[in-house]
Amino acid sequence: MSSISPIPGTEPWPLRLAHEADVSALEALIPLSVRALQSPYYSQAQIEAALGPIFGVDRQLIRDGTYFIAEQDGVIIGCGGWSKRRALYGGDSSREHEDELLDPQRDAARVRAFFVHPDWARRGIGRSIMAACEQAIRDSGFRTVDIVATLAGEPLYAFFGYAVVERYDIAMASDMRLPVVKMNKRI
Ligand SMILES: CC(C)(COP(=O)(O)OP(=O)(O)OC[C@H]1O[C@@H](n2cnc3c(N)ncnc32)[C@H](O)[C@@H]1OP(=O)(O)O)[C@@H](O)C(=O)NCCC(=O)NCCS
């Protein structure tokens, strides 16, 4: 079993699980994060088309107790989680029914929906949430993890040893497409 060693001089951020009461703050954070941190990778039109259906709050993760939050002075500055359900990406607005549960013996867990406030990027929040997700995934009996990463997220997951499986485009409204990368790791 591989794990991430602590990085000298960096303390993990304290995290807590998200609650339903956090949804409105998360709905404010996600567009701020996406519009700033994805701008080197996607056009403004791609970002606006993806906000909502692809980048949005997934309450399933909150209900399952698999969504983490980092705060500073009581303000949410980062979020991200993992999933034991089938969906690889997408907010509430893109699904009508709860996704089917995965089998830890047979299926890969998912890492889902990481968003950091642009003022707090590159300070280890994504890394802290990722470490918490991998620990929880292992504790739940899964042995592999799949991620459909944005191009902005790819370096974080590569840092954690995820390998590129496939690059493809997600079709969006108005014939727009969003290039993403499917990544995988045995944990
Ligand atoms: C992806 C994201 C969550 C990373 O969060 P973060 O808190 O800035 O990441 P960390 O500071 O923990 O970075 C950990 C490591 O990942 C890598 N990394 C993260 N962002 C990177 C970037 N923009 N460029 C290069 N490497 C990066 C680095 O190795 C980094 O370590 P270092 O800072 O010591 O070099 C953040 O950029 C984000 O919210 N992006 C917009 C939303 C998004 O696309 N989310 C991904 C969905 S799949």
| field | Residue list for the range 131-147, restricted to those being of a type in the set (A, V, I, L, M) and in contact (Cβ under 8 Å) with a residue 60 or more places away in the chain | value | Ala131, Ala132, Ala136, Val145
| query | What single numbered condition from (1) surrounded by 13 or more Cβ atoms within 10 Å (Cβ to Cβ); (2) at pLDDT 95 or above; (3) more than 12 Å from the chain's Cα centre (by Cα); (4) among the small types (Gly, Ala, Ser) fails to hold for Ala171? | reply | (1)
| Within the range 76-130, which residues are among the polar types (S, T, N, Q) and either assigned to a strand (DSSP E or B) or within 12 Å of the ligand (Cβ to nearest atom) (or both)? | Ser83, Ser128
| field | Failed item, numbered, when Gln105 is tested on (1) surrounded by 12 or more Cβ atoms within 10 Å (Cβ to Cβ); (2) among the polar types (S, T, N, Q); (3) more than 18 Å from the chain's Cα centre (by Cα) | value | (1)
| message | Can you go through Glu98, Glu20, Glu27 and tell me which one is out of contact with any Leu (no Cβ under 9 Å at 6 or more places or on another chain) and at pLDDT below 95? | response | Glu98
| query | Counting only residues that are in contact with an Asp or Glu (Cβ under 9 Å, 6 or more places away or on another chain) and crowded, with 17+ Cβ neighbours inside 10 Å, how many does the range 60-89 have? | reply | 16
| said: Where the second residue is assigned to a helix (DSSP H, G or I) and near the ligand (Cβ under 9 Å from one of its atoms) and the first is within 23 Å of Gly74 (Cβ to Cβ) and lies in the range 29-44, which pairs have Cβ atoms under 9 Å and are six or more apart or on separate chains? | reply: Leu32/Pro118; Ser33/Pro118; Ala36/Pro118; Leu37/Pro118
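The values are calculated or read from the model by the stated rules, or taken from the named source; none is laboratory data. None of the values given here were measured: they were computed from a predicted structure. Cβ: placed from backbone, ideal geometry, glycine included. Neighbour counts: every protein chain shown.
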